[in-house]
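Here's the structure, in structure tokens; my notes come after.
The values are calculated or read from the model by the stated rules, or taken from the named source; none is laboratory data. On a predicted model such as this, the values are computed, not experimentally measured, just so you know. Because the Cβ atoms are built from the backbone with ideal geometry, glycine has one as well, and the counts that use them run over all protein chains shown. We work out accessible area using only protein heavy atoms, side chains counted, and drop any ligands, DNA or RNA first. Shrake-Rupley method; radii C 1.70, N 1.55, O 1.52, S 1.80 Å.
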Amino acid sequence: MRVLEWALESQKTLGGKIISIVLSFTLIFSLSNFFYGVDAFAEDAENVTDVELVDEAIDSEDSVLEDEVISSEDPVVETEAQDEIVQPEVQNDVMNEDVNEVAESDGIALFASKDSSTSRVYVYVKVDGDKDGWTQNGHGWYTVGYFDVPSSELPNASHGDSAAAGFDFKNYLSKIVFYEKNPGKSLIDAIDWDKSTFGLHTAYGATDYSEASSTELAWHLDGYLYINNKYNVDYKIEGIDSLDLTNTQNEGIVNTGTEGVTGSIAPAAPEGYAFLGWYRGNTLITEDLNLTADLAKENVSNGTVGNATKYVNTTFVAKYVKDDSQTKTVSYTVKHVVDGTEQEADTQTYEAEVWINEENPVLDVVAGSLAENTYTGYKFAGIEGAAQDATQVVAGTEVVLNYVKDDSQTKTVSYTVKHVVDGTEQE
């Protein structure tokens, strides 16, 4: 009794409170061993330490410890405090630290509905690209919405489990009930939902949805998306660098339509070229120089995304090619000059047809055209403008073959002396 009186008196000081707690715990443990055996508190003892109890006492100096004194007549353990120690921390937000770690490594997240046959999946995304009209939630993610899926299609999971494999969420995109602060259906139409960038996992509660209890696990589908709700139409020229179009680009057109596509007009083909037409890739759109707005709109590249037609970046090309049928006549000339005098009767010009815009065209030498002529008393002295065995010459070339006197070529000449006497030749 004296010990008990001392203990009660000691509670008036902080040190006394600490000692009282230790003595109380020792008394409880001893009584429990007496009534229930030595292992009665083995399991709970793993969750409660003297240090935790001391810390609790320090943090609560004003608490009344008299009610905590346990007599031998009442060996009751207060499990509520222990439950508070061992119970896992409940997160009210879907993007808690654990979920963020999963989402950033695996990519997706989802949530469960009230109907036991279906589970509700909550969808959250990180967005790059066109964010107009989007509102972030408190965790820096965008709340997309939710959809319900048969529970049988989802694996069993505990907090933080990632289970994207085998679940084809794309089948449910058209069934999303969108969160009112974000774009809704246009999200489905404008995004490439790539499964490899998403992760499916569970967490307590769901951000922006009070229906998801913070004490119950919910499915989450989290991922990373690039959104581009606009496209460009470009107009280019191929085949000639020096030409200009009336319009070269329509920029930033909303991808749900073609409003803003103007078309363009190509210039007439210059000399030596032919205009083939306007093309999109290898597809001929028109052979007219004028790609009208209506024709351009009809041919903007597009595809079906979900249930809608979406337009994408498109390039129209005005194609020109060299027209070999447009030619000009070019030539080279061969002259023969004997002892400085051109033998005009022997001068020959050789012609050929080349592309009209050809610069410094090269002509094939006509066989025998550079052969030397024979002039009696003269010999060939050399050639100017080309080699005598040349096979090609530049258009406009004048080839001259020169000849000089050949002293080796001789003839016999003579003179006669006659004697005439009185008019009679003396033969």
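Taking the criterion of being free of Cβ contacts under 8 Å to residues at least 24 places away in the same chain and within 60 Å of the chain's Cα centre (by Cα), the residues of the range 319-354 that qualify are Ser325, Tyr350, Glu351.
Considering the range 345-363 alone, what residues qualify as being part of a helix (DSSP H, G or I) and open to solvent by 90 Å² or more (accessible area, probe 1.4 Å)? Reasoning before the result, please.
Of the range 345-363, the ones part of a helix (DSSP H, G or I) are 345-346.
Within the range 345-363, just Ala345 meets the criteria.
From the set of residues in the range 383-427 that are closer than 30 Å to Asp364 by Cβ and among the hydroxyl-bearing types (Ser, Thr, Tyr), which is surrounded by the most Cβ atoms within 10 Å (Cβ to Cβ)? Ranking the qualifying residues of the range 383-427, first place goes to Tyr403.
Check Ala268 against each of (1) part of a loop (DSSP other than H, G, I, E, B); (2) under 30 Å from Tyr172 (Cα atoms) and name the one condition it does not meet. That leaves (2) as the condition not met.
Which of the residues spanning the range 387-405 are closer than 21 Å to Thr341 by Cα and at pLDDT 95 or above?
Within the range 387-405, the subset closer than 21 Å to Thr341 by Cα is 388, 397-405.
Across the range 387-405, the qualifying residues are Thr397, Glu398, Val399, Val400, Leu401, Asn402, Tyr403, Val404, Lys405.
If the condition is being touching an Asp or Glu at 6+ places or on another chain (Cβ under 6 Å) and part of a loop (DSSP other than H, G, I, E, B), then the range 378-412 contributes only Gly385. Which one of the conditions (1) in contact with a helix residue (DSSP H, G or I) (Cβ under 7 Å, 6 or more places away or on another chain); (2) in a loop (DSSP other than H, G, I, E, B) does Val366 fail to meet, given that it meets all the rest? With respect to (1) in contact with a helix residue (DSSP H, G or I) (Cβ under 7 Å, 6 or more places away or on another chain); (2) in a loop (DSSP other than H, G, I, E, B), Val366 is out only on (1). Here Ala218 passes the criteria (1) modelled with pLDDT of 95 or more; (2) hydrophobic (A, V, I, L, M, F, W, C); (3) over 30 Å from the mean Cα position of the chain (by Cα) except the one numbered (1). Is there a residue in the range 277-285 that is open to solvent by 40 Å² or more (accessible area, probe 1.4 Å) and over 20 Å from Asn232 (Cβ atoms)? Yes - at least one qualifying residue is present in the range 277-285.
Only one of these is at pLDDT 90 or above and either over 25 Å from the mean Cα position of the chain (by Cα) or surrounded by fewer than 19 Cβ atoms within 10 Å (Cβ to Cβ) (or both): Gly145, Gly129. Name it. Walk me through it before giving the result.
Working: Gly129 fails: at pLDDT 90 or above.
Just a single option satisfies the conditions, and that option is Gly145.
Among the residues of this structure, Val300 counts as one that is crowded, with 18+ Cβ neighbours inside 10 Å and part of a loop (DSSP other than H, G, I, E, B). Within the range 126-138, residues that are under 16 Å from Thr207 (Cα atoms) and of a type in the set (Val, Ile, Thr) sit with their Cβ atoms under 9 Å from residues that are open to solvent by 80 Å² or more (accessible area, probe 1.4 Å) and in a loop (DSSP other than H, G, I, E, B), at 6+ positions apart or across chains, in these pairs: Thr135/Lys181.
Is it true that Gly257 is within 29 Å of Gly133 (Cβ to Cβ), in a loop (DSSP other than H, G, I, E, B) and either open to solvent by 60 Å² or more (accessible area, probe 1.4 Å) or not basic (Lys, Arg) (or both)? Write out each step before concluding.
Working: within 29 Å of Gly133 (Cβ to Cβ): yes; in a loop (DSSP other than H, G, I, E, B): yes; either open to solvent by 60 Å² or more (accessible area, probe 1.4 Å) or not basic (Lys, Arg) (or both): yes.
Considered against the rule, which asks whether it is within 29 Å of Gly133 (Cβ to Cβ), in a loop (DSSP other than H, G, I, E, B) and either open to solvent by 60 Å² or more (accessible area, probe 1.4 Å) or not basic (Lys, Arg) (or both), Gly257 comes out as yes.
When both residues are 6+ apart or on different chains and their Cβ atoms are under 8 Å apart, which pairs have a first residue that lies in the range 397-423 and is more than 30 Å from Val334 (Cα to Cα), and a second that is open to solvent by less than 100 Å² (accessible area, probe 1.4 Å)? Every condition considered, the pairs that remain are Lys418/Glu425; Lys418/Gln426; His419/Glu425; His419/Gln426; Val420/Gln426. Residues that are open to solvent by 30 Å² or more (accessible area, probe 1.4 Å), outside any strand (DSSP E or B) and touching a Gly at 6+ places or on another chain (Cβ under 6 Å) within the range 207-254 comprise Ser214, Asn228, listed in sequence order.
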